[in-house]
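The values are calculated or read from the model by the stated rules, or taken from the named source; none is laboratory data. This structure is a prediction, so every number in the text was calculated from the model and none was measured. Cβ placement follows ideal geometry from the backbone for every residue including glycine, while neighbour counts extend to all protein chains displayed.
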Protein chains: 2
Amino acid sequence: MKIRDFRQVTEREEMPGVSLRLVISPEDGAPNFVMRVFEVQPGSSTPWHSHDWEHEVFVLAGEGEVVSSDGKTPIKANRVVFVAPNEMHQFVNSGFGVLRFICCIPRVD
Amino acid sequence: MKIRDFRQVTEREEMPGVSLRLVISPEDGAPNFVMRVFEVQPGSSTPWHSHDWEHEVFVLAGEGEVVSSDGKTPIKANRVVFVAPNEMHQFVNSGFGVLRFICCIPRVD
């Protein structure tokens, strides 16, 4: 068993304004999927992109929008987002504080 | 894409004092793993047990303890817990409010 505060995990910059912590990963012995915590700064966004794996997202803090091919949907704490494989998506921080969310993905190594 | 507040998902009682919402599941199209939100009432606990799949946990609210074969460790918001396959574990609410946590598991149907 491994127990820690997510802030103890090394933060790495994915791109300007977007950071990522790999809070549970194969390094911890996780065999099937990975838990990550993203922080998006106000005015920043994750890329508009797709890939052949899914996202399972839980919003922890902040306010923003999820963009899909169907348009934009507001998100804030307690919102759950399922992004299917190969679906275009983007997370936008349109608020004044950090947009923080958990994003789990299958193990892809 | 599916977006909703986790509280919109039907809550079911796992056992007295312990409820569960299946917030992302195969019904949503999730191919590999499942996101669940547990709520444990003050004084209640999940069972002391093990199984051959892992847990990836993020604590959202409340205070409690995780019990393993090595003893008890305090948990509260922002703590991440990885429970390996076949590891004995139990989540105990030792606080005054609801202990709420995300618990992801591989798809086991």
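Structure values in brief
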item	result
Subset of region B:1-24 that is part of a loop (DSSP other than H, G, I, E, B) and more than 9 Å from every other protein chain (Cβ to nearest Cβ) - its residue that is surrounded by the most Cβ atoms within 10 Å (Cβ to Cβ)	B:17
Answer from A:39, A:65 - the residue that is touching a Ser or Thr at 6+ places or on another chain (Cβ under 6 Å) and under 10 Å from residue A:101 (Cα atoms)	A:39
Selection status of residue A:36, at pLDDT 95 or above, over 22 Å from residue B:23 (Cα atoms) and out of contact with any helix residue (DSSP H, G or I) (no Cβ under 9 Å at 6 or more places or on another chain)	no
Qualifying residue in region A:87-98 (condition: within 11 Å of another protein chain (Cβ to nearest Cβ), more than 22 Å from residue B:84 (Cα to Cα) and of a type in the set (A, V, I, L, M))	yes
Pick from region A:82-99, criterion β-branched (Val, Ile, Thr) and surrounded by fewer than 23 Cβ atoms within 10 Å (Cβ to Cβ), ranking: farthest from residue B:29 (Cα to Cα)	A:98
Residue under evaluation residue B:35, criteria (1) more than 23 Å from residue A:85 (Cβ to Cβ); (2) not in a loop (DSSP other than H, G, I, E, B), criterion not met	(1)
Hits in region B:39-56 (condition: within 13 Å of chain A (Cβ to nearest Cβ) and either farther than 19 Å from residue A:24 by Cα or surrounded by fewer than 19 Cβ atoms within 10 Å (Cβ to Cβ) (or both))	B:39, B:50, B:52, B:53
Flag for residue B:69 being touching a residue at least 40 places away in the same chain (Cβ under 8 Å), more than 8 Å from chain A (Cβ to nearest Cβ) and hydroxyl-bearing (Ser, Thr, Tyr)	no
Condition broken by residue B:40, with the remaining ones in (1) touching a Lys or Arg at 6+ places or on another chain (Cβ under 9 Å); (2) of a type in the set (Val, Ile, Thr); (3) within 26 Å of residue A:85 (Cβ to Cβ) satisfied	(3)
Qualifying positions in region B:72-83 - farther than 16 Å from residue B:42 by Cβ and more than 8 Å from chain A (Cβ to nearest Cβ)	B:72
